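Step one of this worksheet: look at the structure below.
The values are calculated or read from the model by the stated rules, or taken from the named source; none is laboratory data. Small disclaimer: the values here were computed from a predicted structure and weren't measured. So basically every Cβ, Gly included, is an ideal-geometry build from the backbone, and we count neighbours across all protein chains shown. The accessibility values were calculated without ligands, DNA or RNA, using every heavy atom of the protein model including side chains. Shrake-Rupley method; radii C 1.70, N 1.55, O 1.52, S 1.80 Å.
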Amino acid sequence: MDIIHLLPDSVANQIAAGEVIQRPASCLKELVENSLDAGASRIQVIVRDAGRTLLQVIDNGSGMSEMDARLAFERHATSKIQEAKDLYSLRTMGFRGEALASICAVAQVEMTTRRAEDETGTLLEIHGSDVVRQEVCSCPVGTNIKVSNLFFNVPVRRKFLKTDQTELRNLLNDFYRIALVYPKVAFTFVHNDEILLDMPAQSEKQRIETIFGNPARNSYTSAFVEIKTETELVNIHGFVIKPESVTRKAEQYFFVNGRYMRHPYFLKAVQTAYAGMLTNDYQPSFFIYFDIDPEAIDVNIHPTKTEIKFADEQTIFQILMASVREALGKFSLAPQIDFDTRGNIDIPLPTEHEAKMPQVTVDPNYNPFHTRNTYSQPQPAPRQWESLYTGLKADTNVIYPDATTNVLPETETPNVWQYANRYILLPTEDALLLIHQHRAHVAILYRQWIEQLQHTQGVMQQLLFPEVLSLQADEMVLFGQIADDLRAIGFDIEQLSPNSYSIQGVPSQLAQQSPQPILQQILAQVRERGANTRDEWREQIALSLAETAAIPTGRCLTTEEMQDIVRRLFRLPSYLRTPDGKTILTRLTDDEIRQRF
Ligand code: ADP
Ligand code: MG
């Protein structure tokens with residue numbers, strides 16, 4: 001007797017369902033994607049008991065003919081591809097023709113559907129793959145699918161479902177991933193008769209705001225900057241969070257051709273672009289949309305998988321990183337802090353007055369560059385704002401930091417004033433802190449440049465007209481030694497003659513400035529301070545750049561700017577002195593103040 005036989009369809013469908021429909025969220029995803037593929041502009045989702053009892057999707061899409069309605073529930077029935085080669089030019093979400101067959105194998109499904117050209121619609125009821133009712137009905141144009149009692153005939157699956165709370169979170173997460181790429185489609189999401197989301201047709205940014213914003217708080221999306229890059233290979237656009245708004249909990253979304261994807265390698269590209277701007281356990285939030293020729297990606301993978309393979313991932317990595325870097329560079333490394341109101345302005349050079357400012361006495365034993373390693377140490381977790389200062393012990397002039405308390409929580413708003421356009425005053429529980437605004441900013445920027453020098457390639461901005469840097473013979477030698485490091489952070493320089501270099505590009509953060517004075521200053525510092533190892537050169541370069549870009553003394557700052565400086569300063573591993581040993585912060589204790597009265 002032959003022992004091999006074909007499985008009845010109902011059994012085959014149940015097996016397929018095990019792969020495609022693992023939980024209510026996957027069922028909802030398939031239904032909503034079908035509605036989108038049918039061209040719906042309005043989709044309602046109605047859920048009961050996190051999808052266990054009911055998952056209903058109502059759309060105003062194309063609807064189906066009577067014949068198609070019946071066929072739709074057959075395995076490998078699809079209107080979306082006809083030949084194998086169509087797989088490579090996919091623009092629809094579904095294509096396997098498996099979802100409805102799988103769903104009806106493990107639930108009780110009722111559907112009404114009507115096309116615009118038909119007078120009447122079709123009602124179809126299927127229980128566990130068996131058609132129990134099919135009749136003509138009157139219904140609106142579009143499709144209304146009700147999936148009840150999911151896994152009613154697969155007790156094992158039912159048992160594996162998590163709590164309603166978890167399943168609802170899964171439902172919403174999958175729903176967000178779709179709603180974020182179809183902002184022009186209106187969606188509502190109702191759970192147990194409560195409207196959780198009601199979104200009209202919107203822009204991408206408004207959609208992000210509707211989903212993640214909290215109307216009671218500041219606008220969510222104002223913490224983001226836009227990225228946009230168009231190349232022959234790929235177009236990338238979207239939003240990335242400003243470094244100062246980063247929090248622990250991140251929303252990280254990649255989409256390709258209208259589909260959510262996970263992509264650890266591209267995530268790395270984004271993280272790299274933030275190098276030096278984030279403390280260790282903070283993650284950047286982003287919403288990044290890729291548009292690419294469908295032939296350059298492989299989506300013919302398992303429907304529940306969100307990984308997507310690209311043909312040229314390394315090139316895209318670089319394009320992506322540069323794009324994010326550029327967007328961040330405009331903001332985070334520039335001295336302006338209040339981006340929204342003032343945009344991108346010129347980075348000022350230090351004023352003459354400032355260059356001549358009397359130097360504070362430097363502790364002769366203090367070698368700033370021996371503390372270098374502290375810059376790459378993991379950051380301690382933030383503590384409460386006030387407790388920051390419990391670690392600061394003052395015996396008159398010297399302040400010792402407590403290494404465990406140097407991060408300021410994002411949420412706390414420091415109470416700040418400015419004095420003499422030069423110092424930020426910060427009252428604490430038992431003292432008044434005076435912070436030198438320029439030096440604080442130098443320390444902040446220094447760290448960013450150092451990280452960039454050590455870990456990443458800087459983003460270069462090509463100059464419209466190359467400039468010439470003329471140097472003396474000894475300067476030429478020195479410049480030749482640091483040239484590679486300068487290239488690493490984004491300078492495009494080439495020796496032109498025995499006594500000159502041409503400058504064709506500068507780091508994007510310095511694009512607003514004339515490059516010669518910056519390079520001259522770097523050279524002067526390297527020469528003056530006698531750096532002779534590569535690490536020391538780097539530190540000198542970072543310091544020069546930081547000094548060039550930092551807000552000068554004499555500038556009036558807004559409260560937000562001061563708060564930002566204070567927050568970022570206290571996130572540094574060493575915030576008491578600049579890398580070259582100048583005092584950033586001093587402290588007047590309560591006792592000292594009292595004694596004066
Ligand atoms: P796939 O989406 O992979 O083609 P499905 O099993 O999800 O497979 O759907 C089968 C077919 O049913 C689709 O190709 C489509 O023609 C039709 N269909 C499903 N849902 C809808 C809908 N909401 N509106 C119109 N047609 C639909
Ligand atoms: Mg489908």
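Numbers at a glance
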| quantity | calculated |
| --- | --- |
| ILE522 hydrophobic (A, V, I, L, M, F, W, C), within 26 Å of SER323 (Cα to Cα) and surrounded by 15 or more Cβ atoms within 10 Å (Cβ to Cβ) | no |
| Tabulated pairs, segment 576-593, first part of a helix (DSSP H, G or I), second open to solvent by 30 Å² or more (accessible area, probe 1.4 Å), C-beta under 7 angstrom, 6+ apart or interchain | ASP590/ASP430; ILE593/LEU432 |
| For THR143: the one exception among (1) in a strand (DSSP E or B); (2) without any contact (Cβ under 8 Å) to a residue 60 or more places away in the chain; (3) within 15 Å of ligand 2 (Cβ to nearest atom) | (2) |
| Residue under evaluation GLN504, criteria (1) outside any helix (DSSP H, G or I); (2) without any contact (Cβ under 8 Å) to a residue 24 or more places away in the chain, criterion not met | (2) |
| Residues (touching a residue at least 24 places away in the same chain (Cβ under 8 Å), open to solvent by 40 Å² or more (accessible area, probe 1.4 Å) and part of a loop (DSSP other than H, G, I, E, B)) located in segment 213-248 | THR231, LEU233, ARG248 |
| Pick from segment 36-64, criterion small (Gly, Ala, Ser) and open to solvent by less than 20 Å² (accessible area, probe 1.4 Å), ranking: farthest from ligand 1 (Cβ to nearest atom) | ALA50 |
| Segment 538-572: number of residues that are over 22 Å from ILE489 (Cα atoms) and not in a helix (DSSP H, G or I) | 9 |
| Filter result for GLN563 (in the same structural domain as GLN437 (by TED's automatic domain parsing), at pLDDT 85 or above and surrounded by fewer than 19 Cβ atoms within 10 Å (Cβ to Cβ)) | no |
| Helices (runs of 4 or more DSSP H) contained entirely in segment 1-106, each with at least 1 residues that are at pLDDT below 70 | 9-20 |
| Residues that are among the charged types (D, E, K, R) and over 19 Å from TYR274 (Cβ atoms), drawn from segment 207-229 | ARG207, GLU209, ARG217 |
| Long-range neighbours under 9 Å by Cβ, at least six apart or interchain, first residue closer than 12 Å to SER148 by Cβ within segment 31-54, second within 14 Å of ligand 2 (Cβ to nearest atom) and outside any loop (DSSP other than H, G, I, E, B) | ILE46/VAL57; VAL47/LEU28; GLY51/CYS27; GLY51/LEU28; GLY51/VAL147; LEU54/VAL147 |
| Matching residues, segment 197-209, being under 19 Å from GLN56 (Cβ atoms) and open to solvent by less than 60 Å² (accessible area, probe 1.4 Å) | LEU197, MET199 |
| Pick from segment 168-195, criterion more than 24 Å from GLY258 (Cα to Cα) and outside any strand (DSSP E or B), ranking: least open to solvent (accessible area, probe 1.4 Å) | ASN192 |
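Every residue, every condition in (1) in contact with a strand residue (DSSP E or B) (Cβ under 6 Å, 6 or more places away or on another chain); (2) open to solvent by less than 30 Å² (accessible area, probe 1.4 Å); (3) aliphatic (A, V, I, L, M); (4) over 22 Å from VAL459 (Cβ atoms), yes or no:
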site	(1), (2), (3), (4)
ALA488	no, yes, yes, no
ILE493	yes, yes, yes, no
SER502	yes, yes, no, no
GLN512	no, no, no, no
ILE541	no, yes, yes, no
LEU545	no, yes, yes, no
PRO552	no, yes, no, yes
GLY581	no, yes, no, yes
ARG587	yes, yes, no, yes
